[in-house]
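Undergrad: What follows is a single structure, and I will ask about it in a moment.
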Amino acid sequence: MAVRGAELIQCIDTYAPPSLAIENDRIGLQIGEPNTIVTGVLVTLDVTEAVVDEAIQKGANWIVAHHAVIYQPLKSIRTDQPAGRMIAKMLRHGINVYIAHTNLDAADDGVNDVLAEKLQLKETKVLIPYGEEKLKKLVVFVPEDHHDKLLQALGEAGAGWIGNYSHCTFNTPGVGTFLPTEGTNPFIGKQGQLEKVKEIRLETVVPERIERQVIDAMLNAHPYEEVAYDVYPLEIKGKDLGFGRVGRLEQPVSLGEFARHVKQAYQLEGLRITGDLQQKVQSVAVLGGSGGRYFMDAKRAGADVYITGDIDYHVAQDALAHGLHVIDPGHHVEHLVVERVCQVLMQKLEKAVPIYASRVNTNPFRFF
């Protein structure tokens, strides 16, 4: 089955909703045309000319990247300059580029969840909240003998999560009535005859960001030609949305031992660290990318150690003065999300197109 770019974009936007991005972030389709047939998808942290060559070699005409190709307004596209040469190559070979940046940072199972998971942090929560997830109530009426199938389909689509409990619903039996008129093809009953059917009213909670995919799953699993359902907003508080994660290690460990754990978990050649290596740490805050300006958020969250990239000298001094240890694994550590994005896209697209994790190392730094 052919997959168009618009379908790929819908999958990405469901996973990392654009609404999660900070204002003026350069996300979305930056190069290309959404109605092209997808021949393959290359997922990468950065788009470099070597990454473009890799996409061409693999026959992938879509690149999904975390960092934008076009961040500042273009004044020119000069093909004798690196950026212009790369853009011209992409256009010449029909390469489309889609960016998920701060929306992927904040997304469930995005950059910061992957970084926290790699460290085996427990009881994680958002480090820097900036909003709440909007919730809706879905109510649908289904014949009794199709109730279990529909309930399962809704749960698998992501509806019914309350805390750490999935498939949460409330179900009330009743009687539904309908009269099929001319031109109908009823699953139950006959044209022109009033039907009374034992049905179940199924209610569940749906995050607004996945409302469309849940409704699609409901319609696909429901036996009726015309499905009776309602969707309405809820005033209850959804979970926090935001950047970074803070959690706890299973047991306190020395800062030096934890630094070795970070180095191994993040596949690093080396890292920078501040503080007494013998001191015990347990509460950990992590923020992928460049997060030095948020060190006081980590301190207020009760973190013993803060992991983020691009820490400058004065930020390190200030954090140390406030009793907060800092570990800088580099900005490129965000590349660890690439494999997760590939897994998500393969699942959502049902392996209809090849999905590749880029093998090009785009980290400009080396340890010498």
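Undergrad: Are any residues in segment 316-368 of a type in the set (Val, Ile, Thr) and within 20 Å of ASP297 (Cα to Cα), and if so, which ones? Break it down stepwise before answering.
TA: Of the residues in segment 316-368, the ones of a type in the set (Val, Ile, Thr) are 326-327, 333, 337-338, 341, 344, 353, 355, 360, 362.
Answer for segment 316-368, where residues must be of a type in the set (Val, Ile, Thr) and within 20 Å of ASP297 (Cα to Cα): VAL326, ILE327.
Residue-wise test of (1) more than 30 Å from PRO223 (Cα to Cα); (2) out of contact with any Ser or Thr (no Cβ under 6 Å at 6 or more places or on another chain); (3) without any contact (Cβ under 8 Å) to a residue 12 or more places away in the chain.
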residue: MET86; (1), (2), (3): yes, yes, no
residue: LEU91; (1), (2), (3): yes, yes, no
residue: ILE128; (1), (2), (3): yes, yes, no
residue: ASP148; (1), (2), (3): no, yes, yes
residue: ASN171; (1), (2), (3): no, yes, no
residue: PRO186; (1), (2), (3): no, yes, no
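Undergrad: For VAL227, work out the one condition from (1) touching a residue at least 60 places away in the same chain (Cβ under 8 Å); (2) closer than 26 Å to GLU133 by Cα it doesn't fulfil.
TA: Failing condition for VAL227: (2).
Undergrad: One residue is enough: does segment 51-68 have a residue meeting the conditions without any contact (Cβ under 8 Å) to a residue 12 or more places away in the chain, surrounded by fewer than 14 Cβ atoms within 10 Å (Cβ to Cβ), of a type outside the set (Lys, Arg) and assigned by TED's automatic domain parsing to the domain that holds GLN343?
TA: yes
Undergrad: Kindly evaluate GLY40 against the criterion of being in contact (Cβ under 8 Å) with a residue 60 or more places away in the chain, within 19 Å of ASP13 (Cα to Cα), of a type outside the set (Lys, Arg) and surrounded by fewer than 17 Cβ atoms within 10 Å (Cβ to Cβ).
TA: On the way: in contact (Cβ under 8 Å) with a residue 60 or more places away in the chain: yes; within 19 Å of ASP13 (Cα to Cα): yes; of a type outside the set (Lys, Arg): yes; surrounded by fewer than 17 Cβ atoms within 10 Å (Cβ to Cβ): yes.
Yes; evaluated as a whole, the condition is true for this residue.
Undergrad: Quick check on ALA153: is it within 30 Å of ASP109 (Cα to Cα), in contact (Cβ under 8 Å) with a residue 40 or more places away in the chain and assigned to a loop (DSSP other than H, G, I, E, B)? Before the answer, list the steps.
TA: Working: within 30 Å of ASP109 (Cα to Cα): yes; in contact (Cβ under 8 Å) with a residue 40 or more places away in the chain: yes; assigned to a loop (DSSP other than H, G, I, E, B): no.
It is false that ALA153 is within 30 Å of ASP109 (Cα to Cα), in contact (Cβ under 8 Å) with a residue 40 or more places away in the chain and assigned to a loop (DSSP other than H, G, I, E, B).
Undergrad: Test ASP108 against the criterion of being free of Cβ contacts under 8 Å to residues at least 40 places away in the same chain and closer than 24 Å to VAL284 by Cβ, and give yes or no.
TA: Numbers: free of Cβ contacts under 8 Å to residues at least 40 places away in the same chain: yes; closer than 24 Å to VAL284 by Cβ: yes.
Yes.
Undergrad: Follow-up. Quickly run through segment 250-267 and pick out the residues that are surrounded by 17 or more Cβ atoms within 10 Å (Cβ to Cβ) and in a loop (DSSP other than H, G, I, E, B).
TA: TYR266 - this is the single residue of segment 250-267 that is surrounded by 17 or more Cβ atoms within 10 Å (Cβ to Cβ) and in a loop (DSSP other than H, G, I, E, B).
Undergrad: Filter segment 156-205 down to residues that are in a strand (DSSP E or B) and touching a Phe, Trp or Tyr at 6+ places or on another chain (Cβ under 6 Å) and give me whichever is farthest from VAL344 (Cα to Cα). Can you show your working first?
TA: Start the filter on segment 156-205 by keeping residues that are in a strand (DSSP E or B), which leaves 162, 165, 169-178, 195-205.
Of the ones still in play, those that are also touching a Phe, Trp or Tyr at 6+ places or on another chain (Cβ under 6 Å) are 176, 195, 199, 201, 203.
Numbers: GLY176: 38, GLU195: 43, GLU199: 35, ARG201: 32, GLU203: 27 Å.
Residue satisfying both the conditions and the ranking: GLU195.
Undergrad: Name the residues in segment 206-263 that are within 25 Å of the chain's Cα centre (by Cα), of a type in the set (Phe, Trp, Tyr) and more than 28 Å from GLU334 (Cβ to Cβ), would you?
TA: TYR232
Undergrad: Determine whether segment 270-278 contains at least one residue that is within 22 Å of the chain's Cα centre (by Cα) and at negative phi. Steps first, answer last, please.
TA: At the first step, the residues of segment 270-278 found to be within 22 Å of the chain's Cα centre (by Cα) are none.
Scanning segment 270-278 turns up no residue that is within 22 Å of the chain's Cα centre (by Cα) and at negative phi.
Undergrad: Yes or no: LEU121 crowded, with 17+ Cβ neighbours inside 10 Å and farther than 30 Å from THR48 by Cβ? Steps first, please.
TA: Numbers: crowded, with 17+ Cβ neighbours inside 10 Å: yes; farther than 30 Å from THR48 by Cβ: yes.
Considered against the rule, which asks whether it is crowded, with 17+ Cβ neighbours inside 10 Å and farther than 30 Å from THR48 by Cβ, LEU121 comes out as yes.
The values are calculated or read from the model by the stated rules, or taken from the named source; none is laboratory data. These numbers were taken from a predicted model, which means no experiment stands behind them. For neighbour counting, all protein chains shown are included, and Cβ atoms are generated from backbone atoms with ideal geometry for every residue, glycine included.
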